[in-house]
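First up is the structure itself, then whatever we jot down about it.
Nothing in this text is a laboratory measurement; each read-out follows from the coordinates by a stated rule. The structure displayed is predicted, hence computed values, not measured ones. Cβ: placed from backbone, ideal geometry, glycine included. Neighbour counts: every protein chain shown.
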Amino acid sequence: MLRDLVAHLREDRDALRQALVSEMITRGLLKGLTPPEGEAEAATISDALVECLETGRYHSAQAYAHAVAERGVIRGIGAKHVIGGLLALRDICSRALYKRYHRRPGELMRALDVYEPVVNRILTIVAPW
């Protein structure tokens with residue numbers, strides 16, 4: 001299941017990133033960033049999630065948290081923006097999983113059982129920063 005989940009998120013990477021940027025704009029989470037910076041932020045968040053899923057390690061999430069903390073001080077980007085972006089990513093990926101597995105409820109539940117703890121752990125790593 002894990003391999004299939006990671007492969008799916010990698011295959012749909014561009015569409016998921018575009019959806020994430022759009023959602024972050026809608027939620028007002030990219031204020032103060034240029035469009036390329038917003039796209040880079042979405043790429044960093046989504047890549048960290050896939051890497052954490054794939055490896056079971058959270059080094060990329062910790063590195064992201066440190067980078068966000070440093071940028072936040074310089075640009076005034078607060079926890080609301082960071083946590084909001086992660087929550088938007090969680091929602092977008094959950095919808096993508098539902099779309100892929102909705103006709104196979106057992107597989108959907110297994111995919112969510114793998115995915116949700118990872119994204120929640122990333123939130124707990126990044127939130128204190």
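Worth pointing out:
- Helix 59-75 vs. the chain, principal-axis angle (Cα, 0 to 90°, nearest 10): 30 degrees
- With Cα atoms, 0 to 90° folded angle of helix 2-11 axis to the chain main axis: 60 degrees
- Helical content alone sets the calculated 222 nm signal of the chain at -28000 deg cm²/dmol, taking -39,500 (n - 2.57) per DSSP H segment of four or more residues and averaging over every residue.
- Derived scalar couplings ³J(HN,Hα) [the stretch 36-42; Karplus, 6.51 cos²θ - 1.76 cosθ + 1.60; whole Hz; x for Gly, Pro]: x, 5, x, 5, 5, 4, 4
- Relative compactness, the chain, computed as alpha-carbon Rg over 2.2 N^0.38 Å: 1.02
- As a rough guide to protection, the peptides 50-57, 99-106 ranked by mean Cβ packing within 10 Å, highest first, stand as 50-57, 99-106.
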